[in-house]
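What follows is one structure encoded as structure tokens, with my remarks underneath.
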Amino acid sequence: MAGKRKKSESEEINEGEKENNKNNENSNKKMKKEILPSMIKNKEKRSAVHAKLKHEKKVEKRKKLKARDAAEKRALELGEEPPPRMTPRTIENTREPDETVCRPDDDELFAGNDADEFSSILKQESTPKILITTCRFNSTRGPAFISELLTVIPNSHYYKRGTYDLKKIVEYAKNKDFTSLIVVHANRREPDALLIIGLPDGPTAHFKLSKLVLRKDIKNHGNPTGHLPELVLNNFTTRLGHRVGRLIQALFPQSPEFRGRRVVTFHNQRDFIFFRHHRYIFETKEIKGSESKGKKAKDAKSERVTQEKVIARLQECGPQFTLKLISLQHGTFDTKGGEFEWVHKPEMDTSRRRFFL
Amino acid sequence: MPRTTTLDCPGCPPLRALTFDSLGLIKVVEARGEQGGVSKVVERWGDPDASKCVLAASIDDSKNDPLLAVARKSGLIEILNPLNGDLRVSISNAGDAGARPEDDGIAGLHLFKRQRMESSRSCTLLTCTTKGNASMRSIDISNVPSESSSNGCLKSWNVCASGTVLCSKVDRNENYALFGGKGIEVNVWDLEKCMKIWTAKPPPKNSLGIFTPTWFTSATFLSIDDHRKFVAGTNNHQVHLYDTSAQRRPIMSFDFRETPIKAVAAEPESYNIYIGNGSGDLASVDIRMGKLLGCFIGKCSGSIRSIARHPTLPVIASCGLDGYLRLWDIKTRQLLSAVFLKQHLADVVFDSAFADKEVAPAAADPLVHEVQNRNDIEEHEAETMPMKRKKAPKGKDKSKTKASKENDESKKLKSKKKSKRVTGDSHDDDS
């Protein structure tokens, strides 16, 4: 037993040595003789050593940053090109290559767009008309969320759910010329799913809804005006994403009133769709001399004369929430006989760098 | 456990598959090379047009003069040459006056193999619309590609009074056809007499007294027992096995997952069937016991619309709403290759003549009496274009068409040329 432990310890030490070699620091050389903090049994001592190590790392990082900034500054003063900044490796930019990503030179994509269910709305041949309803049981945050959705989406109408089947509601909405149907599903009085159904025969998207923050809970929130909002859809790159993007796009009128300076954003990142709603304003701001000192060299030619800068300020006017696609169904809502265009399956999660939207 | 980032696809044996999609495009996917060929799209026929959305397709992949029939949403049925995509004949399905073709789309299409042997200038088609108007017609394929109104010997009958036909299949000997659909029990017809010979009976109410309405979504004959046994998949995720000689109720039925069975295909000379459902699950089942042999796992996320079994190689192809054509090994149930084809795919067929093209184009020579004048001209035109891909199929066609015109001397010459080409091809494949 003891021998075994000794062996494992020695292995660990070896590993530690390797790491230290990588770091190649004097202080760490001392550490090598000692032991890694995880091997110390006394908690107080262990945490002390760990804190020390951490502090050292921090100091080192700060030093590195300072050196980089200094080098950049020097390069600027000398009139040289500053050394290129390193781009950090993120999950997004190391995403697995995907053959389904839309390409702008793809004629089939555009032909498919012309043929799909949303093309009449997106070509402004018909105006979107939205029906919003809930699940059977609905209270507290649900109605509050819906009243905010009604202010966000123009030409949307709330209908009480009652005890109707969703298929009946779909039929009703078809007859009344609605173009989309949104169902807010709540569980334990907390909205947790969103169903967007394109009508009359468009697809059905089922989203998980999370991180819902209502307007009144947002600090310094604004109140939106009645203007038609602008729509921002970010990062819907693949075929599936493109389709979901078009589904969302078809909820909003295609002619924004820019006077209203109101913008609705659906931002896709790692398959999560973040919803935000803002008002913005353009302000001209005088740039103080001291503040712009660092930028002076850069901006010297262009901004010297005016010393004024137009900046955009944002004010959030809620709600904010996050959507995640669970399934996309072909045709309208049909749980038993539905055909899916896309369903998430566990076997598809082979990597955390693989995204579908 | 570390997750693997890539699913390794070993590649598939040389084959050629044609896929049909919702924009009316026909894409040819070929895999070349003896071991582990990568399959890819080599040709695309037609222009994207939503009104030409393909509803059904059928191929007659005989050695000489293969044909491909495609039914489109606009009510047209086109007969093409599956080797180069040339339109041979296009006919309109508007049988009844007043009925718009969009309302009454074609649910089933079958191109007969046998009848063409007797009269080489025509082919026979069985079509069935969703409202149950089945018709059998023979079409003259030697004339110019235009709206040929003269479709001789039209036999037509009504399969059902109400409901919608969703599936129709013809058995291997092409004597019997089955139809089924929403509100239509599966029924078998004798095609020679145009007579209904058998109808299924709905399964009894369950223990709670609940009757599930009839809704068949897919069906196929089991090829071992000619026309007597067949398998049908229903909308409420059940698979029934019927035996027309035994009883009118299913002799066996089992459940598969929770979405409707959208495609069924049978393995020849065996009791295995392949079923695909609305959420993209594909499985192999031994139909004698209804025992699940295994699932085909490979990130398939959209509804499976069609499954095709390769006639000779142990490969099946599946396609559906996720826009992928996937080729699977039967034995290992491993994904051999997946090709992204961008659109919702409606159907896939194999061109079985492709495999032996490199080996024996000479074998197809004796039957040289079938000459399509138009084809001939086109071939000559196409020859001038340097197209590497088409080399193998061209060689065969050319030989066929030319040889008939030219005399014996040239025939000898050609055979020499051909042999050269054959060797060249084999070299290509080796490298």
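Which one is nearest to the other protein chains (Cβ to nearest Cβ), of the residues in segment A:124-149 that are of a type outside the set (A, V, I, L, M, F, W, C) and free of Cβ contacts under 8 Å to residues at least 40 places away in the same chain? Walk me through how you get there before you give the answer.
Restricting attention to segment A:124-149, the residues satisfying the condition of being of a type outside the set (A, V, I, L, M, F, W, C) are A:124-129, A:133-134, A:136, A:138-143, A:147-148.
So of that shortlist, the ones also free of Cβ contacts under 8 Å to residues at least 40 places away in the same chain come out as A:125, A:136, A:143, A:147.
Values: A:Glu125: 15, A:Arg136: 22, A:Pro143: 33, A:Ser147: 35 Å.
In this case the residue turns out to be A:Glu125.
The residues of segment B:275-291 that are assigned to a strand (DSSP E or B), away from chain A (no Cβ under 14 Å) and either touching a Cys at 6+ places or on another chain (Cβ under 8 Å) or not aliphatic (A, V, I, L, M) (or both), listed by number, are B:Ser284, B:Asp286, B:Lys291. The residue that is farthest from the other protein chains (Cβ to nearest Cβ), among those in segment B:292-345 that are of a type in the set (D, E, K, R) and part of a strand (DSSP E or B), is B:Arg309. Scanning segment B:348-360 turns up no residue that is within 13 Å of another protein chain (Cβ to nearest Cβ), surrounded by fewer than 23 Cβ atoms within 10 Å (Cβ to Cβ) and either modelled with pLDDT under 90 or out of contact with any His (no Cβ under 8 Å at 6 or more places or on another chain) (or both).
So that you can scan it fast, the table gives a plain yes or no per residue for (1) of a type outside the set (S, T, N, Q); (2) farther than 30 Å from B:Leu18 by Cβ:
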| site | (1), (2) |
| --- | --- |
| B:Arg248 | yes, yes |
| B:Ser253 | no, yes |
| B:Thr259 | no, no |
| B:Lys262 | yes, no |
| B:Ala266 | yes, no |
| B:Tyr271 | yes, no |
| B:Leu282 | yes, no |
| B:Gly298 | yes, no |
| B:Ala308 | yes, no |
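One line per residue, one yes/no per condition, for (1) modelled with pLDDT of 90 or more; (2) surrounded by 13 or more Cβ atoms within 10 Å (Cβ to Cβ); (3) in a strand (DSSP E or B); (4) of a type in the set (Val, Ile, Thr):
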position: A:Ala111; (1), (2), (3), (4): no, yes, no, no
position: A:Glu117; (1), (2), (3), (4): no, yes, no, no
position: A:Ile132; (1), (2), (3), (4): yes, yes, yes, yes
position: A:Ser147; (1), (2), (3), (4): yes, yes, no, no
position: A:Lys168; (1), (2), (3), (4): yes, no, no, no
position: A:His185; (1), (2), (3), (4): yes, yes, yes, no
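Here is a yes/no grid of residues against (1) crowded, with 17+ Cβ neighbours inside 10 Å; (2) out of contact with any Cys (no Cβ under 9 Å at 6 or more places or on another chain):
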site	(1), (2)
B:Ala177	yes, no
B:Val186	yes, no
B:Lys196	no, yes
B:Thr199	no, yes
B:Leu208	no, yes
B:Phe211	no, yes
B:Trp215	yes, yes
B:Phe221	yes, yes
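Which residues, counting only those in segment A:81-100, are surrounded by 10 or more Cβ atoms within 10 Å (Cβ to Cβ) and more than 10 Å from every other protein chain (Cβ to nearest Cβ)? Break it down stepwise before answering.
Within segment A:81-100, the first condition is being surrounded by 10 or more Cβ atoms within 10 Å (Cβ to Cβ), and the residues that meet it are A:82-83, A:90-92, A:95-96, A:98-100.
Within segment A:81-100, A:Pro82, A:Pro83, A:Thr90, A:Ile91, A:Glu92, A:Arg95 qualify.
Among the criteria (1) within 14 Å of another protein chain (Cβ to nearest Cβ); (2) at pLDDT below 90; (3) open to solvent by 10 Å² or more (accessible area, probe 1.4 Å), the one B:Pro268 does not fulfil is (1). Quick check, is B:Ala107 closer than 20 Å to B:Tyr176 by Cβ, open to solvent by 10 Å² or more (accessible area, probe 1.4 Å) and modelled with pLDDT of 85 or more? Answer is yes for this residue.
The values are calculated or read from the model by the stated rules, or taken from the named source; none is laboratory data. The shown structure was predicted, so the numbers you read here are calculated from the model rather than taken from an experiment. Cβ sites come from the backbone with ideal geometry, for glycine too, and all protein chains shown count toward neighbours. Remember, those area values only see protein heavy atoms, side chains included, never the ligands or the DNA or RNA. Shrake-Rupley method; radii C 1.70, N 1.55, O 1.52, S 1.80 Å.
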